[in-house]
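A quick write-up on the structure given underneath.
Each value in this text was obtained by applying a stated rule to the coordinates, not by laboratory testing. A quick note: this is a predicted structure, and the numbers were derived from the prediction, not measured. For neighbour counting, all protein chains shown are included, and Cβ atoms are generated from backbone atoms with ideal geometry for every residue, glycine included.
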Amino acid sequence: MAQLAGVSQSAVSRCFRPGGSLSADKRRVIQKAAAQLGYQPNAIASGLITKRSNLVAVLISNLTNLYYPEVLAELTHRLDERGVRVLLFALQSESDVDAALDQVWRYRVDGVISAARLSAAQLRAFERHKVPVVLYNRFAEGEPVPSVCCDSIGGERLLVDRLVAAGHLSFGIIAGPHDSFVGNQRVEGAVTRLREHGLDARIVQGAFDHDSGAAGLRALVDTGERPDAIICANDLMAIGAIDAARHELGLSLPDDISVVGFDGVDPAAWPSYRLTTIRQPVRRMTMAAVTMLMERLEDPTLPHEVRSFAGTLIEGTSARI
């Protein structure tokens, strides 16, 4: 094909390599020759030459994927821009990582972005396999690992401060699953800040979904003393709590009770809810995660770093703040 196009073999290689440097004229000539010959580059063969699979594994829990699909969509888009394909591992829960990692090693991926909790032992396995990993929206457990996070604790502190300043004195918290790093961190942030204000909160367990939010609201109200404010570890549970408060208990928001969430998912802004929440900067976070991973593919000696992004307070009508 190089002979037909009248160019060097290296020019052909650059034409079909993502980000390859080549003039527009040469690219057109090579692509025309490729069409005449019916040529398609072989990604596997290219990987043998470059020693790269051009695959990045993304570990993400089903809960994150179902209720915050923007995360996966943005990660895929950012990697695709760099000519890298995503190998997706959707976990039923964050505790199902071991089985996924067995497959990750077999596919010999270039790197991993994990939106699921990894233990210290699992992180050490990445070092043994010489596969760089970047954690998305969680920190490492005792191991230095590149991480991108939303400041969950700071967001919860802001929500608590605004609720307390508005006169709320009795609080309930609907937590996420036991094995959710993000959910636990958000609950910890809210509880710690409430204690600093001299206040306590009743906590019920949820599952990051609508039904558990509704059940959590009922459980908190059934204790006999209705809380002034409900802090939910994510938006979907907050929406469930709002529906239960309005349609089952006949409560008015925010006059009778305030409900806040965390994430900034699209349904939270619907006119029926207008949820007060903290919106995560998903695009900035995913861009940072992809950049950090690609940098470490080029230079594995780069030091570990943690990039923390502040969320944005969205003042809806679900809470008096």
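What number do you get for segment 94-153 when its Cα radius of gyration is normalised by 2.2 N^0.38 Å, N = residues? Don't skip to the answer; put the middle values down first.
Numbers: Rg = 11.2 Å, N = 60, 2.2 N^0.38 = 10.4 Å.
Normalised by 2.2 N^0.38 Å, the Cα Rg of segment 94-153 equals 1.07.
Please identify every one of the GluC sites (Glu not before Pro) in segment 134-192 that sits in a loop by DSSP and has no more than 16 other beta carbons within 10 Å of its own beta carbon. It would help to have the intermediate numbers written out before the result.
On the way: sites: Glu141, Glu156, Glu188; in loops: Glu141.
Within segment 134-192, the qualifying GluC sites (Glu not before Pro) (loop, at most 16 other Cβ atoms within 10 Å) are Glu141.
Using only the Cα atoms, work out Rg/Rh for segment 121-192, with Rh taken as the Kirkwood radius, to two decimals.
So for segment 121-192, dividing Rg by the Kirkwood Rh gives 1.13.
Once the chain from Arg28 to Asp256 is taken as fully extended at 0.36 nm per residue, the excess over their C-alpha distance is 75.4 nm.
Report D for segment 152-280 in µm² per second (integer): Stokes-Einstein, Kirkwood Rh on Cα pairs, 25 °C, 0.890 mPa s.
Values: Rh = 14.0 Å.
My calculation gives 175 µm²/s for D.
Across segment 251-262, computed HN-Hα scalar couplings (Karplus, 6.51 cos²θ - 1.76 cosθ + 1.60, θ = phi - 60°) run 8, 9, 10, x, 5, 8, 7, 10, 10, 10, x, 6 Hz from first to last residue, x flagging Gly and Pro.
Amide hydrogen proximity for Ile257: with H placed 1.01 Å from N in the peptide plane, the residues at 5 or more positions away or on another chain lying under 5 Å are Ser252. At q = 0.12, 0.23 Å⁻¹ the log10 of I(q)/I(0) for segment 247-321 amounts to -0.50, -1.00, computed by Debye summation with a single uniform scatterer per C-alpha, solvent ignored. For Leu88, nonlocal amide neighbours, meaning residues 5 or more places apart or on other chains whose placed amide H falls under 5 Å from its own, are Val58.
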